[in-house]
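The values are calculated or read from the model by the stated rules, or taken from the named source; none is laboratory data. Since we're looking at a predicted model, the values are computed, not measured. Virtual Cβ from ideal backbone geometry, glycine too; neighbours counted across all protein chains shown. What goes into the accessible areas is simple: the full protein's heavy atoms, side chains included, and nothing from ligands, DNA or RNA. Shrake-Rupley method; radii C 1.70, N 1.55, O 1.52, S 1.80 Å.
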Amino acid sequence: MADVAVSAPVTVVNRRFRSLRPLLREPRVVWAGGFLIALALVAIFAPWIAPKDPLEQDLMMASLPPIGFEGYEPGYYLGTDDLGRDVLSRIIFGARIALTVSLVAASLAGLIGSLLGLASGWYRGWTDRIVSRLVDIWMSFPPVLLSVLLVAVMGAGLHSVIIAIAIIDWTRFSRVVRAETLAQSSLDYVTAAEAIGFSRRHILWREILPNVAPVIIALLSLEMGIAVIVEAILSFVGLSISSDAPTWGGMVAQGRQVLHESWWVLVFPLVTLFATVLAFNLLGNGLRNALDPVMRR
Amino acid sequence: MTLTSVFNRLAMAVLTLLGVGLVVFVLLRVVPGDPVAMMISPSATPADIAALRAHYGLDLPLAEQFFLWLRDLLHLDFGTSISLRRGVLQLIGERLPATLELTFAALVFGILAGGIVAVAGVLLRRTPLEAVMDFVNGLFLAVPDFVWALALVLLVGVLWPIFPLSGRLDPALSTDFYTPFYLLESLARFNWTDVGDVLAHLVMPTLALGLPLAAVIARTLKEALGEAMVQDYVLLARLKGMSETRLVLQEALRNAVGPTLTLTGVQFTFMIGGTVIVERIFAYPGIGNMAIDAVINRDLPLIQGIVLVFGALFIVINIAVDLIADRLNPRQLHG
Amino acid sequence: MTPPLVSIEALSASSVREGGTPVLRDVSLTLERGEVRGLVGESGAGKSTIAKALLGILPETIRITGGWLRFEGRDLLTMPSGELRAMRGRDITLIPQDPQTALNPARTIEAQLTDGLRMKLGLRGTALHARAIELLEEVQIREPDRVLRSYPHQLSGGMRQRILIAAAFAPGPKLVVADEPTTALDVTVQKEILRLMRRMQERHGTAVIFVTHDLGVVAKVCDSVTLLYAGKVIEAGTTADVIERPQHAYTKALIAAGPRYDRPGQGLEPVPEAIFRQLRAELAGTAAKGAP
């Protein structure tokens, strides 16, 4: 009897972790993951990869078109903006900001949301009631307006952007994690663990969390995509870091201004943004598919 | 939904709105940064500043400020905008119609486009075209309105300048509007030049807002239709000799809209949130665009008013969606 | 001489998925106008495949490998899809198995009952409504006006099955395929529905293919019967002949198993295993004969 009870939770956990290998057979995970790893490498080694200084202005070199167009200046592969800054170098350095913000903000949102979701799904009762009510109130704020509001209140800057994203988007995690925890807690392995006499907290961390973890990982990837966009929106509105700094959103905002004179200032950062968001999304959905086919939205 | 449950929902809605108002109110006041300091000339004396603070009630204790604000709200007094120096209600009244016309246009577009794509997808089951449509739909699902808006700006601004990219009306048109509902009013006056111009200005922001909505509707409706199409009653209808198109439209569609509608409602509230940035990108004079300016100028009364309006819109839409869903479900209607 | 209403000749079919397992082996049967024929067999015997082939709704996983399927002398298997659709719902209609799922929950009874009248006979307006009421009276539904305005979930299973029967007979078809129309119903309701079907059939002079696994039902409503096992015709003839003078051991065993309206195979005596062995041996024999 005890034998059965001990082995049941262990096998469930093991099955989950062994299932990490089929991830590589999910094409979305391979392609999107590959793209994002490449992007991360570009960001890390930006000073060695970028052909120019992203902040250096040179009015003699202002508004140069990209390679293949008339007036192209060698070395400025994707052209320059109206202040003569190299678009390619700014995109490369922009990747640093975008990926930093998305990684930190998504982790924070994931941490807060997962803890609250686990707690309300496992302990239920008043914890659940309070968290659910909070989620309801949060959902009735338009997220873009709330983020603009938070950043305005905290003052523009990278820290504010990160905190704003975490404060707004924890609900995405808590809702799904709560549902998943509820579902897991009715499974036999939890009953078996309770029968052995493990404490509630022990069961939550050692038995349930490993089984909810795949869901959290998939959500993290999706959230990183959202964070990239929110950062871009806040830069676009002018509430992220200073307009000098090479952010994709800031470049896009600038490109919107000079659209008719130099379209390339908008096109290249926008394409980068598009590809990055798409990659995070594909990776997240691929992970979700490979790790947990029954996950609800 | 019974009348009592509608009342319950409304009561809950008022409570939620109060919560939203309180959160914003406190948030804006506990942080450093004096809105009055921003609007006054550097040469002003401390006495001038104090007078101005007293004028806006900013010198009172926080709780008292909140209750005064609530009391004024009950009298439909939303206060005066600090940066624009006009009544908040009046400003919202001027801008909200523009946003409503835009969101309504985007909603109509999203439902029509999403519905057509879903029906076409079901009719094209197991053909190569279905895979193509699913792929394109996936792109629209993955990429948010902000990016689509800018992509549209590029497309129309650089490659194919057929639609205006900013504003709501060509300044060259000298029509005097009596109401802020330009589209409705020009329609009512049969002023086709104005109708055309207002519509042309609506096209780009409508597409940016409506495309992600259309993608969500297309996917969920297609799934629901696919499920309905294998039901026995569809088989029986097929045996009665109905054409495939008619099977989808007459037999499957009505059973499939229920689940789709709920999701459309959720997505529609997201879309209302999306107006903030889309209006900004297209310099569309709606309430979302004004919200960003208000935040940047730390215009407390205006921010509070706008956030309340957004909260109210969210709640109204959610209740409306529930009501429509009930109407569409014959079980609830007669059972 | 007019050809029989339905003539199936040496029809064979196999499953695409399961490595070409035969689902029909050399099946032949004829159905005259106004005849009620039971197609009897356990699940997987091929009775539903024959019904679906007649209706032109074979799933893609089943392929016809040989034979003919004629309706009034014309081959249904090679008929252009347009003609097939025109014929469906007018000349051949279906009474489905489960009245719970066969009615669209979002359309009124009137709309669903009159589909065939509108599309196939072109009836409109008051004539259509009057005919709908007539149809409901014919299947003995009281308060037809109220029922016509109802949605399916407001009616009992027996009521819905009556409506489905009325809809099947409405366009005046030559053939009605009844796919186990009573299995989903209570035993008491079953009897009423069977009586109703027989009366409707006699009044309209319609031929009926009655798919069932229940010999007791066959004895009640069918003129003739074809008994299938694993896609092969085991025994065929008039109901009286087959029930009173069964030739095949399987038939005898089925009759011994007792006429149960509800659950087959759970009768008084189960079919002995030896008979299944004999059946399998016979099937192996025909398969060997069929192979070159």
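Can you tell me the orientation of helix A:2-18 relative to chain A, as the angle in degrees between its alpha-carbon axis and the longest Cα principal axis, to the nearest 10? So the helix axis and the longest Cα principal axis differ by about 10 degrees. Computed over segment C:1-149, the P(r) curve from all C-alpha pair distances, binned at 5 Å from the origin, holds 2, 8, 14, 17, 17, 14, 13, 9, 5, 2, 0 percent per bin.
Shape class of segment B:239-319 from the Cα gyration tensor (axes a ≥ b ≥ c, square roots of the eigenvalues): prolate, since a/c reaches 1.5 or more and a/b is larger than b/c. On the basis of the beta-carbon distance and an R0 of 35 Å, A:S199 and A:L134 show a calculated FRET efficiency of 0.85.
Residue separation times 0.36 nm, minus the C-alpha to C-alpha distance between C:E18 and C:A240: what's the value?
76.2 nm
Modelled label positions at A:D244 and C:A281, each set 7 Å beyond Cα in the direction of Cβ, lie 9.9 nm from each other.
A probe of 1.4 angstrom, applied to the heavy atoms of all protein chains, finds B:D77 with accessible area near 70 square angstrom. Note on C:116-128: average number of Cβ atoms from other chains within 10 Å of each residue's Cβ is 1. Converting phi to 3J(HN,Hα) with the Karplus coefficients 6.51, -1.76 and 1.60 and the offset θ = phi - 60°, segment B:211-227 yields 4, x, 4, 4, 5, 5, 4, 4, 5, 5, 5, 5, 4, 5, 5, x, 5 Hz in sequence order, with x at every glycine or proline. Expressed as a whole percent, the proportion of Cα-Cα pairs in segment C:97-172 lying more than 14 Å apart is 54%.
A probe of 1.4 angstrom, applied to the heavy atoms of all protein chains, finds A:K52 with accessible area near 70 square angstrom.
Averaged over the residues of peptide B:140-151, the number of Cβ atoms from other protein chains lying within 10 Å of each residue's Cβ is 6.
Listed highest first by mean packing, meaning other Cβ atoms within 10 Å per residue, what order do A:191-200, B:18-27 come in? Working shown, then result.
Details: A:191-200: 14.1, B:18-27: 17.2.
Answer by packing, highest mean first, reads B:18-27, A:191-200.
Percent of alpha carbon pairs in segment C:110-239 separated by more than 18 Å? So the pairs more than 18 Å apart make up 57 percent of the total in segment C:110-239.
Averaged across orientations, what area in nm² does the convex hull of the alpha carbons in segment A:27-296 project?
Numbers: hull surface 65.5 nm².
Its average projected convex-hull area is 16.4 nm².
For C:K232, the residues whose amide H sits under 5 Å from its own are C:R25, ignoring neighbours fewer than 5 places away on the same chain, with H placed 1.01 Å from N.
Residue ranking by accessible heavy-atom surface, 1.4 Å probe, largest first, among C:E134, A:E26 comes out as C:E134, A:E26. Binning all Cα-Cα separations of segment C:55-111 at 5 Å, short to long from zero, yields these whole-percent fractions: 4, 13, 19, 21, 19, 12, 9, 3, 1.
Among residues other than C:H248 with Cβ under 15 Å from its Cβ, the summed charge is 0 (Lys and Arg +1, Asp and Glu -1).
Charges at C-beta only: +1 for Lys and Arg, -1 for Asp and Glu. How large is the resulting dipole of chain C about its Cα centre, in Debye rounded to 20?
Values: 37 positive and 33 negative charges, 96 e Å.
Its charge dipole is roughly 460 debye.
Relative contact order for segment C:97-172: what is it in percent, counting Cα pairs under 8 Å that are at least 6 residues apart? Mind showing how you got there, number by number?
On the way: 75 pairs, mean separation 36.6, N = 76.
After rounding, I find 48 percent.
The simple Förster model, with R0 at 56 Å and r as the Cβ-Cβ distance, assigns B:R29 and C:K191 a FRET efficiency of 0.10.
Within 10 Å of each Cβ in peptide A:147-157, how many partner chain Cβ atoms are there on average? Round it to a whole number, please. Display every interim value, and only then the final one.
On the way: counts 2, 10, 11, 3, 1, 10, 11, 4, 3, 1, 0.
Average per residue, whole number: 5.
Using alpha carbons only, the radius of gyration of chain B set against its Kirkwood radius gives Rg/Rh = 1.05.
Reported value for chain C: 147 Å³ per residue, from the convex hull of its C-alpha atoms.
Relative contact order, percent, of chain B when contacts are C-alpha pairs under 8 Å separated by at least 6 residues? Could you put the intermediate results ahead of the total?
Working: 353 pairs, mean separation 90.7, N = 335.
Averaging sequence separation for qualifying contacts and normalising by length gives 27 percent for chain B.
Ordering C:G125, C:L76, C:G172 by Cα displacement along the dipole of chain C toward the positive end leaves C:G125 in first place; charges were set at the Cβ atoms of Lys, Arg (+1) and Asp, Glu (-1).
Calculated over the protein assembly as shown, the projected area of the Cα convex hull averaged across directions stands at 53.1 nm².
For B:K222, the accessible area of its heavy atoms, probed at 1.4 Å with every protein chain present, is near 40 square angstrom.
Work out the FRET efficiency for B:E227 and C:S43 from their Cβ-Cβ distance, taking R0 = 30 Å, and round it to the nearest 0.05. Working from the Cβ atoms, E equals 0.75. Modelled spin labels at B:V158 and C:T78, positioned 7 Å past Cα toward Cβ, are 6.1 nm from each other. In this rough spin-label picture, where each label sits 7 Å from Cα along the Cβ direction, the A:R124-C:A219 distance is 5.4 nm.
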